[in-house]
Amino acid sequence: MENDYGIPEVRCDSASNFLYELDETNDRWGDDIWLFRGQNDVGWTLHPRAMRSELITSFVDKYIREFPDRESLPSSVQPLWKDVEDADFRKLLCLKLHTTAEHLLVRSFEELSDRVGLTIPTDRYAILGGDNKPLAFDEIIEKSLTPSVSETNPGRVSYALAQHHGIPTRLMDCTFRPLFAAFFAAHVENELEDEPEYLVVWAIKSKCLRKTGLRVVSHLRSQIGFLQSQDGVFLYDSKANEKFATCGDWQPLESELRSKVLRDCVYKLVLPFRERGNLLALLNSKYVSKPFLMPSFDNVATEIVSESVDWTKLLDGLP
């Protein structure tokens with residue numbers, strides 16, 4: 001089956017069949033490098049958290065009401081907007097406010113973390129283009145919009161760290177390990193309003209990012225512990241602002257992949273949501289569970305009391 005972007009779906013009827021299709025030895029994956037992302041609902045698009053955040057939306061709405069037109073802007077900034085067409089004013093102001101909110105959220109995360117004595121890692125990152133070669137950051141970030149838009153810097157370590165701790169950013173978590181993505185597809189962090197019909201794992205061949213706006217951001221694993229545990233990287237759309245300035249809303253990341261679907265470059269592997277319990281049990285038997293993917297004392301304790309593991313057998317492994 002296919003969705004609106006023509007992306008093929010591999011439908012599985014059981015958790016065991018789902019894991020067979022995702023197995024790294026499956027012929028589908030060949031010798032290529034693939035990125036995987038699990039989501040609870042096959043109907044969800046690949047929109048990064050910042051693009052669907054109510055926190056950011058409320059920030060934007062507040063100032064859109066306060067500044068409905070150019071004449072209402074503070075006199076000190078009105079000259080910056082003098083060349084903007086009336087028809088473009090609202091969407092460009094929304095874009096400016098949205099990117100500003102993203103930046104302020106991460107800066108606030110940095111500031112409060114520092115106040116309570118937590119260490120923010122120093123910046124060490126690589127941004128890979130479609131040719132898998134690091135690009136200079138100014139080659140990626142769009143600076144040509146009028147008025148100038150303060151672009152967030154998704155390469156900074158603090159953006160990745162903030163993303164992992166629940167701050168909405170334009171980074172999208174991915175992993176090189178398909179079974180890890182399967183866990184995140186089945187694991188429900190927050191209660192869902194309605195139970196989905198299907199869960200999904202997205203699979204994207206990395207070389208298919210060539211000639212698209214999608215970029216991979218990676219960091220030193222030692223700086224963000226969960227990246228090591230999850231074999232994780234981040235994906236983001238370097239053309240997101242440009243597309244918003246044109247059409248007035250955020251386009252899903254899969255819109256950049258529509259030309260690649262005929263080249264066996266992108267798949268959606270789908271499983272009935274009712275199978276999630278069986279899937280989590282099978283993954284747990286392979287040591288793919290929350291304590292291993294997000295190691296912390298809290299997650300270990302939660303796993304023990306949840307009765308999803310036989311804690312009496314764990315005693316045998318202690319010195």
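Counted by Cβ distance under 12 Å from residue 196, the other residues give a net charge of -4, where Lys and Arg count +1 and Asp and Glu count -1. Report summary: the helix-based calculation at 222 nm, which adds -39500 (n - 2.57) for every DSSP H run with n ≥ 4 and divides by the residues of the chain, gives -10000 deg cm²/dmol. For the chain, relative contact order (Cα pairs under 8 Å, six or more residues apart, normalised by length) works out to 30 percent.
With neighbour counts taken as other beta-carbon atoms within 10 Å, the residues 61, 83 rank, fewest first, as 83, 61.
Which pairs, out of 62/91; 91/207; 91/239, put more than 26 Å between their alpha-carbon atoms?
Going by Cα-Cα distance, 91/207 fall outside the 26 Å limit.
Springs between Cα atoms under 10 Å define the GNM used for the chain, and in it the highest mean-square fluctuation of 21, 193, 307 occurs at 193.
All of the numbers you see were taken from the coordinates with simple rules; none came from a lab. Please read these numbers as outputs of a predicted model, since none were measured by experiment. Positions of Cβ are backbone-derived with ideal geometry, glycine not excepted, and every protein chain shown enters the neighbour counts.
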